[in-house]
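As structure tokens, the structure follows; a few thoughts come after it.
The values are calculated or read from the model by the stated rules, or taken from the named source; none is laboratory data. What you see is a predicted model, and the numbers here were worked out from it, not measured in a lab. Because the Cβ atoms are built from the backbone with ideal geometry, glycine has one as well, and the counts that use them run over all protein chains shown. What goes into the accessible areas is simple: the full protein's heavy atoms, side chains included, and nothing from ligands, DNA or RNA. Shrake-Rupley method; radii C 1.70, N 1.55, O 1.52, S 1.80 Å.
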Amino acid sequence: MAEDLDSEKLLAATAAVRHVKSGMRLALGTGSTAAFAVRALVQRFPDGGGITAVASSMLTERLARELGLNVGPLLPSDRFDLMIDGADEVAPTLDLTKGGGGALFREKFLARLSRELLILVDHTKLVPTLGTRSAIPIEVVPFARGVIVEQLRERRVASAVRVAPGGEHPFVTDNGNEILDLRPSWPVTDPSGLDQELRAIPGVVETGLFCGLAHRVFVGLPDGTVQEILPSHPSRAGS
Ligand code: 5RP
């Protein structure tokens, strides 16, 4: 029988949205699970609840606006009470791989400005080691892409340029950049070290490795329950 992952995403999203209170300022993630959360938010606060939000992508911004949420631009002194987002992989340390939807730069930028990052996933996203279920995306400046690919190859990291739907052109992020999907030839046992190493390559704007950022992960399970995972390491960004 096919797994009903959408039901698991909805369960996780509904559980996470219970943490939202009236008047909060929120950062909204991107992807199918984040979209469930946006819908759950509107259901929980049909009159808006005085909530204001900044979205991590044009896609999420459009959806949130269509549903009547008060979404606006990022302000110079912005801080968020909560960020609600999905992930492509969740390690036991709560380090994450994100960027399957190509919004990794804005997602990470907003996550760093948030007091709490709540991550919502279906059970298939739990992995023992990052990079085993999905590739690790990085956002790169298009001009530099060829050089970056070569520098990655020298580090034994295979990369593929992400293509836009239709398959003819590179995918272009909301920031006008491109995405390389990386497959390191070794197990990613030190995601934080890899994140730093990749970000040090000129032309790399950001990586999809989110280390030490998630405060709580909600996992929708096939039996209809939600598992809530807290980090064993107490210090998270923004705490
Ligand atoms: C977008 C992301 C998404 O959160 C991630 O790809 C998970 O997406 P989905 O909820 O559709 O499985 O990082 O950049």
In the range 145-173, residues that are within 16 Å of the ligand (Cβ to nearest atom) and touching a Gly at 6+ places or on another chain (Cβ under 8 Å) total 3
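Taking into account only those residues within the range 220-232 that are touching a Ser or Thr at 6+ places or on another chain (Cβ under 9 Å) and in a strand (DSSP E or B), which is nearest to Lys9 (Cα to Cα)? Spell out how you get there, then give the answer.
Initially, the range 220-232 is screened for residues touching a Ser or Thr at 6+ places or on another chain (Cβ under 9 Å), giving 220, 222, 224, 226, 231-232.
Retained after the next criterion (residues that are in a strand (DSSP E or B)): 220, 226.
Numbers: Gly220: 6, Val226: 10 Å.
The residue in question is Gly220.
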If we ask which residues in the range 124-144 are within 12 Å of the ligand (Cβ to nearest atom) and either open to solvent by 10 Å² or more (accessible area, probe 1.4 Å) or polar (S, T, N, Q) (or both), their number turns out to be 5
(1) farther than 16 Å from Ile119 by Cα; (2) of a type in the set (D, E, K, R); (3) within 16 Å of the ligand (Cβ to nearest atom); (4) surrounded by 14 or more Cβ atoms within 10 Å (Cβ to Cβ) all hold for Glu3 apart from (4)
Somewhere in the range 68-87, is a residue open to solvent by less than 30 Å² (accessible area, probe 1.4 Å), within 15 Å of the ligand (Cβ to nearest atom), under 13 Å from Asp122 (Cβ atoms) and touching a Gly at 6+ places or on another chain (Cβ under 9 Å)? yes
Picked from the range 102-114 (must be crowded, with 24+ Cβ neighbours inside 10 Å and part of a loop (DSSP other than H, G, I, E, B)), the residue farthest from the ligand (Cβ to nearest atom) is Gly102
